[in-house]
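**Q** Structure in structure tokens, see below.
The values are calculated or read from the model by the stated rules, or taken from the named source; none is laboratory data. What you are looking at is a predicted structure, and each value in this text was computed from that prediction instead of being measured. Heads up, the Cβs are rebuilt from the backbone with ideal geometry, glycines too, and the neighbour counts pull from every protein chain shown.
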Amino acid sequence: MKQRVYKTFTAYLWLTLASAVYALGFNWCYKPNDIAFGGITGVAQIINAALPWAPIGVVVIVLNIPLFLAGWKL
């Protein structure tokens with residue numbers, strides 16, 4: 001039981017650290033230099049350029065919700 005909790009904790013820890021590195025790289029490198037990403041993040045950048053009041057992170061989450069639901073259903 002203790003081993004399972006440890007494996008789950010370390011998996012979540014690595015996911016959290018990777019997400020933080022991704023977010024820092026995006027905010028420090030890509031956004032200030034107007035370098036576009038592909039996929040959902042790129043679409044969120046386009047929406048943010050058209051609607052500056054819409055933060056990129058929120059748009060990414062909103063756009064991923066239908067994809068998550070479709071993936072769950074399929």
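**Q** Where the second residue is not aromatic (Phe, Trp, Tyr) and the first is touching a residue at least 24 places away in the same chain (Cβ under 8 Å) and lies in region 32-47, which pairs have Cβ atoms under 9 Å and are six or more apart or on separate chains?
**A** Qualifying pairs under 9 Å: 40/59; 40/60; 40/63; 40/64; 40/67.
**Q** Any residue at all in region 28-40 that is at pLDDT 85 or above and among the aliphatic types (A, V, I, L, M)?
**A** yes
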